[in-house]
Amino acid sequence: MLDAIQNVNWHVNWPDDAAGNGVSREETREVLLRRPYWTAPGPDGTTLVYGLTDAGRHLLVSVVAEGEDVLVVGARDMKESWDASYTGAAPPPWDIGRPQPAFVRLADEGRLRGRVLDAGCGTGEHTLLAASRGADATGMDLSPTAIRRAREKAAERGVSARFEIADALELPRRAVVFDTVIDSAVLHVLDAEDRAKYVAGIASVLRPGGVCHLICFSDRQPGSWGPRRFRADELHAAFSDGWAIESLTADTFQLNPFHGVHEAHAWLATIRRK
């Protein structure tokens, strides 16, 4: 579907209400023509296109492709509609139904310990991994559907963990202090302003000496689809104030098949709060 959208001549039938929630036609053009990163089947024969504007805004655009025409039937800010990622006929690319191997290795090494916060937990695989290894684990995500599925998994597996519908950008409002934070593909979907807010939020809920284990796409990953690719120096810059990066190693991030890719080049970082 991405190829179909990007290769058509641009003849858009734009309904009067398609640009709701403050989304402009130009932003929608940017997403569909230049910066889409994945698609999923939507309701009533539509396709949901997720993408990034040139200004770094994540949008969800609902379209119907008809020959050389792309009919836009809706456009929303992803921050306000994240739940749509989990309500399509297919799971989002990052929801592979198991923990990322990098975090399994960390768990095997006993490094997911104490009070653990899984920020942007999705359907809970990393929260449940930490809890199954004895951690006091909490997962949080914006999506009510993802949190519901995470709670269902916990019940099915007999694992005790807490799951909350919450925004990872509102961490400073939390009273609980954690020993460990898990970030599986959160940082790399944030724009510069939100990244700074997010990193400060992690620091506010992580005890001095606590660690954040983070995985994100690296600049070795070819192509322009998907989230931001980080260079090593950009990660060092993001965590320059009050942090020490203890390790930063090349790794992989597994995906549901997406653009023919089953895994992407990634960075795995262990970052300690000073």
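Given the Cα-Cα distance of Val104 and His262 and 0.36 nm per residue of separation, how much length would full extension add, in nm?
Net length gain for the segment: 55.1 nm.
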Inset, instruction - Would you kindly state how much longer the chain becomes between Asp233 and Arg174 on full extension, computed as 0.36 nm times their sequence separation minus their alpha carbon distance, in nm to one decimal? - result: 18.3 nm
Inset, instruction - Could you work out the Kirkwood radius for region 61-198, taking every pair of different alpha carbons, averaging 1/r and inverting it, reported in Å? - result: 16.1
Inset, instruction - When a/c is below 1.5 the answer is rounded, else prolate if a/b is larger than b/c, else oblate, so apply that to region 78-159 with a ≥ b ≥ c taken from the square roots of the Cα gyration tensor eigenvalues. - result: prolate
Inset, instruction - Assuming R0 = 35 Å, can you tell me the calculated FRET efficiency for the pair Arg272 and Asp54, based on Cβ-Cβ distance, to the nearest 0.05? - result: 0.50
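Need one number: % antiparallel among DSSP beta bridges in region 154-267, to the nearest 5.
The answer is about 55 percent antiparallel.
Quote the FRET efficiency, to the nearest 0.05, computed for Glu26 versus Arg162 with a Förster distance R0 of 45 Å and r equal to the Cβ-Cβ distance. Can you show the working numbers first?
Values: r = 42 Å, r/R0 = 0.93.
After rounding, the FRET efficiency stands at 0.60.
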Inset, instruction - Pull out a ≥ b ≥ c, the square roots of the eigenvalues of the alpha-carbon gyration tensor of region 153-274, then state rounded if a/c is under 1.5, prolate if not and a/b is larger than b/c, and oblate in the remaining case. - result: oblate
Legend entry - Ser240-Lys197 FRET efficiency (beta carbon distance; Förster radius 22 Å; 0.05 resolution): 0.90
Legend entry - Cα centroid of region 156-174 to Cα centroid of region 182-217, whole Å: 15
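Every read-out reported here was derived from the displayed coordinates using simple, explicitly stated rules and does not represent laboratory data. Here the structure is a predicted model, which is why all the values come from computation and not from measurement. Cβ atoms come from the backbone with ideal geometry, glycine included; neighbour counts cover every protein chain shown.
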